[in-house]
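Below is one structure; the comments refer to it alone.
Derivation of every value follows stated rules applied to the coordinates shown; laboratory data play no part. Just so it is clear, the structure is predicted and the values come from calculations on it, not from any experiment. Methodologically, a virtual Cβ is constructed for each residue, glycine included, from the backbone with ideal geometry; neighbour enumeration extends over all protein chains shown.
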Amino acid sequence: MAEFAQTPVSDGTVVVRVTGEIDLAVTADLTAAVRPHFQQGRTVEVDLGGLTFIDSSGMGVLVQLLKESTRQGARLVLTQVPRPARRLFEVSGLAGFFDIRPAVEDSPR
Amino acid sequence: MRNPTEPGAGWPIRTGALVVLIGLVLTAVSSWAAYRADRSTEERLLETQTRQAAAVLSSAILVIEQPLTTALRVQAEAGPGGNRAVFRRTMAVYLGDETALYVSASLWRQDGDRFTRLAAVGKAPGMDPAGGEVQDFLDRAVASRTSVVERVEVGDRTRFAYALADPETGFVVKVERLLPANRRAPVDRDSAYAQIHYAIYLGEETSVEALTTTDQDPADLPLDGLTSSVTVPFGDTVLTVVTEPKGHLGSPLSRWLPLILVASGLLLTVATALIARKVVSTGIRAQDDSATISTLYERINGLYEEQRETFVRLQRALLPHVLPDIPDHEIASAYVAGSEGVEIGGDWYSIIDVGEDHFGFVVGDVSGRGVDAVAEMARARFTLRAYLVDGDSPAEALAKCSRQFDVTVDGHIVTAVVGRGTWRTGELVIANAGHPLPLLLDGDHCRFLTMPIGPPLGVGPSSYEATTVTLPAGATFLAYTDGLVERRDEDIDTGMDRLLAAARRHRDLAVDDLLPSIREDMSGDGAPDDIAMLALRRAVEVGVVGTDAGGDPAAVTVS
C-alpha cells in the first residue's frame with residue numbers, strides 16, 4: 001500500500017510525496033499520480049521520504065516515468081531517497097539514470 | 001445461487017404466516033375482550049334503564065289503582081248501602097275514550113255468594129255484567145288483598161279489567177281500561193323510556209297474547225338482541241317489562257372499541273407481517289448474497305488457481321527441461337514459485353550451447369508478474385539466446401537487447417546476468433544489466449563477484465562492460481534472481497549478507513543439494529517472490545575430457 005500526496009510548488013515544480021510501499025500493486029496509482037504533471041519545462045519531484053519498500057516493479061515504473069518525462073520535456077527528480085531504495089538503485093544499475101538529490105535522512109554508515 | 005430445496009427458501013412465507021396468525025389471535029382476543037366489556041356495560045346500563053322504566057310503570061299502576069282505593073273508602077264511609085251518586089260523580093272524572101284512565105266503572109256489593117251491581121258509569125263493559133265471568137272475577141278480587149286484573153276483548157280492542165274489593169264492607173269497584181290500539185303506545189316521553197324499546201306483558205309470559213303495550217310493531221316482537229326484563233307487581237299478577245336499547249347506551253368509544261381494535265389489529269398484523277417478511281427476506285437475501293459472494297470467491301480463487309497453474313506450466317515450458325552437458329562442469333538449476341500473489345513472475349535461467357568450447361548462460365528477471373511478464377521473459381530470453389548463439393559477447397548481446405526493449409512500451413524492465421563460458425579453461429565472461437551480483441563459491445573464499453552493473457533492459461540503449469573471472473576447479477558460480485534476497489522489511493544488503501552466509505555454510509554440498517539448501521536457509525518454506533537459481537560448478541578434476549585437444553594447460557587456472 002502506498003499514498004501519493006501532491007503539492008504544487010511555485011516556479012513550475014510539483015512535489016509528489018510517496019508514503020508506503022511501491023510494488024506491483026501500486027504501480028498504476030503511482031503512474032496516475034505523477035504522469036499528469038509532465039508538461040514542457042515543469043519539474044516533478046517525487047519525494048520518496050516516506051518510502052518503506054520498492055521492488056523491481058516499482059523501479060520499472062520509475063524508469064518508465066523518467067523516460068516519459070524526458071520525452072515530454074519535463075524533469076523527474078527523486079528526493080529524500082531512503083538508503084535501502086538508493087542501494088537498490090545502485091545494485092540495479094539505475095543510480096546513474098535518475099536525478100537523485102541528497103536525502104535528508106541519508107546518513108552514511 | 002438460490003437453491004429451492006434449501007431450508008431457507010420457505011422462510012419469508014412461513015414467518016409471514018406465523019406473524020399473521022399471532023396478529024390475528026391477539027386482535028381477536030383483544031377485540032373479544034373489548035366486546036365483552038362493552039356488552040357487559042350495555043347490559044348493566046340496560047338493566048338500570050329497565051328498572052327506571054319499571055319504577056315509572058309502577059307509579060302508572062298506582063295512578064290506575066288509586067281511584068279504586070279512594071272509591072272504596074268513600075263507599076265504606078257511606079255505610080252498607082253505599083253511595084251510588086258519589087261513586088258516579090267521583091269516577092266520572094276518570095272516564096273517557098282512548099286517553100282516559102278508564103272506559104267504564106262499576107260498583108258492586110257482595111250479597112252472599114253473589115255480587116250485585118250497584119252503579120255503572122261510562123261505556124258498556126266488555127265483561128258481561130250478567131255473566132258468570134264477572135262473578136268469578138269479583139270473587140277473585142275479594143279473595144285477593146290486591147286488585148285483580150283480567151284481559152277483556154271487545155271487538156278488535158283489548159281492555160284491562162281491574163277490580164279492587166274491600167273485604168270488610170263487601171264493596172267491589174271494577175273498572176275497564178282501554179289498551180292502545182294494536183298495543184302500540186306512543187313513545188313515552190318519560191326519560192326512562194327515551195333510550196329503550198319496550199314491550200309490556202301481563203303476567204310472566206311474554207307471548208303476543210299477553211302483550212299489553214309496546215312502542216314497537218307487535219309483529220316485530222319479541223324484542224331480540226340485548227334485552228332485559230323485569231316484573232312489576234300488578235294487582236294479583238305482574239307486568240313483565242322487556243326492554244331493548246334503541247342504540248348504544250354507553251360511551252361511543254366503548255361501542256366502537258372492538259371494531260377499532262379489529263381494524264387496527266388487522267392493520268398492525270398486515271404491517272408486521274410485511275415487515276417481518278421483508279426482514280426475513282432481507283436476511284435470506286443477505287445469506288444468499290454472502291453465499292453467492294463466497295461461491296464467487298471460490299470460483300475466482302479456482303480460476304486464479306487454474307490461471308496460476310497455466311502460468312506455471314507456461315513458465316516451466318519456457319525454462320530448459322534438460323540442461324546441456326558442459327564438459328568438466330556440473331550444472332544445477334531451480335525455479336521456485338513465490339508464495340505471494342497468484343501470478344507468477346518472469347524469472348528465468350538458461351544454459352546455451354554456443355558451439356565449440358563455449359557455452360552461454362543467463363539468469364534474468366522481468367519486473368512485474370503475470371502473463372505479460374512471462375511473455376516479456378520469453379522475448380528477453382530468446383533474444384539474448386539468439387545473440388549469444390550468433391557469437392556475440394555478453395556485453396554485446398545486452399547492448400543489442402537494450403535497443404529492443406523499452407519500458408514505456410513493454411511496461412517492464414528486465415535485469416539479467418549474461419555470461420559466456422569456456423569449459424576448457426573455466427573462464428567466464430559476465431555482463432550485468434541491473435541484476436543482483438552473482439556469487440563465487442571457492443573453498444573458504446566465498447564472495448560476490450564484483451562487476452560493473454549496467455542498466456536493466458528497457459531503460460534505453462545502453463552499453464555494458466563485461467568482467468572476466470576464471471572458475472577454479474571445484475569452485476561454483478551461482479546466479480539468482482532478487483526473490484532470493486529481497487524482503488520488504490529489510491534492505492537489499494541484509495539479504496545479500498544472509499545469502500553469503502548461507503552459501504558459505506553449504507559450499508561443500510553436491511551442486512544438486514546446494515540450491516535447495518541455500519534456498520531453505522534464505523526463505524524457509526516460502527519466499528514471497530519467485531526465484532530462479534543457476535549454479536555452475538567446475539569439476540575438481542578438470543581436463544579429464546579433452547584437455548589434450550589443443551587446449552592451453554596454462555589457461556586452466558587453479559588458484
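Inside 10 Å of the C-beta atoms of A:46-59, what's the mean count of C-beta atoms belonging to other chains?
Per-residue shielding by partner chains comes out at 4.
Using Cα pairs under 8 angstrom and six or more residues apart, how large is the relative contact order of chain B, in percent?
12
From the helices alone, meaning DSSP H stretches of at least four residues, give me the mean residue ellipticity at 222 nm for chain B, per-run term -39500 (n - 2.57), in deg cm²/dmol to the nearest 500.
Helices in chain B give a 222 nm mean residue ellipticity of -13500 deg cm²/dmol.
Taking 0.36 nm per intervening residue step and subtracting the Cα-Cα distance, what contour gain separates B:Glu168 from B:Arg14 on full extension?
46.7 nm
Remind me, relative contact order of the range B:148-293 in percent, using alpha carbon pairs under 8 angstrom and six or more residues apart?
17
Could you tell me how far the Cα centroid of the range B:327-381 sits from the Cα centroid of the range B:390-447, in Å?
12
Loop only per DSSP, at most 14 neighbouring Cβ atoms within 10 Å: give me the trypsin sites (Lys or Arg not before Pro) in the range B:382-484, ordered by residue number.
B:Arg403
With the dipole of the range B:320-415 worked out from charges on the C-beta (+1 for Lys and Arg, -1 for Asp and Glu) around the Cα centre, which of B:Ala332, B:Tyr349, B:Gly360 lies farthest toward the positive end?
B:Tyr349
Inside 10 Å of the C-beta atoms of B:435-444, what's the mean count of C-beta atoms belonging to other chains?
1
Using unit Cβ charges (K, R positive; D, E negative) and no other charged atoms, how large, in debye to the nearest 20, is the dipole of chain B about its Cα centre?
4240
In debye to the nearest 20, how big a dipole does the protein assembly as shown give about its Cα centre with +1 on each Lys and Arg Cβ and -1 on each Asp and Glu Cβ?
Charge dipole of the protein assembly as shown: 3540 debye, to the nearest 20.
Considering Cα pairs under 8 angstrom that are at least six residues apart, work out the relative contact order of the range A:25-100 and quote it in whole percent.
This gives 36 percent for the range A:25-100.
Restricting things to Cα coordinates, could you compute the convex hull volume per residue of the range B:319-555 in Å³?
Residue-normalised Cα hull volume stands at 117 Å³.
Give, as a single signed number, the net charge of other residues whose beta carbon lies under 13 Å from the beta carbon of B:Gly364, with Lys and Arg counted +1 and Asp and Glu -1.
Summing Lys and Arg as +1 and Asp and Glu as -1 gives -2.
With Cβ to Cβ distances under 11 Å as the rule, what net charge do the other residues near B:Ala76 carry (K, R +1; D, E -1)?
That sum, taken over residues with Cβ under 11 Å, equals -2.
Please check which bits of the range B:270-299 a label hung off B:Leu21 would reach, taking the label as a point 7 Å along Cα-to-C-beta and the cut-off as backbone N under 13 Å.
Backbone N within reach: none found.
Taking 0.36 nm per residue of separation and subtracting the Cα-Cα distance, what length does fully extending B:Glu153 through B:Leu268 add?
35.2 nm
Report Rg(Cα)/(2.2 N^0.38 Å) for chain B, keeping two decimals.
The reported ratio for this selection is 2.65.
To the nearest 10 degrees, how steep is helix B:11-78 against the longest Cα principal axis of chain B, on a 0 to 90 scale?
The two axes meet at around 10 degrees.
In whole Å and largest first, what semi-axes does the C-alpha gyration tensor of the protein assembly as shown yield when each eigenvalue is scaled by 5 and square-rooted?
136, 26, 18
Can you compute the FRET efficiency between B:Glu77 and B:Ala100 using 1/(1 + (r/R0)^6), with r the Cβ-Cβ distance and R0 = 25 Å? Round to the nearest 0.05.
In this case the efficiency is close to 0.45.
Please compute the net charge surrounding B:Ala271, taking Lys and Arg as +1 and Asp and Glu as -1 over other residues with Cβ under 14 Å from its Cβ.
Residues close to B:Ala271 contribute a combined charge of +2.
When the dipole is taken about the Cα centre of the range A:25-100, and only Lys, Arg (+1) and Asp, Glu (-1) are charged at their Cβ, what size is it in debye, to the nearest 20?
Charge dipole of the range A:25-100: 160 debye, to the nearest 20.
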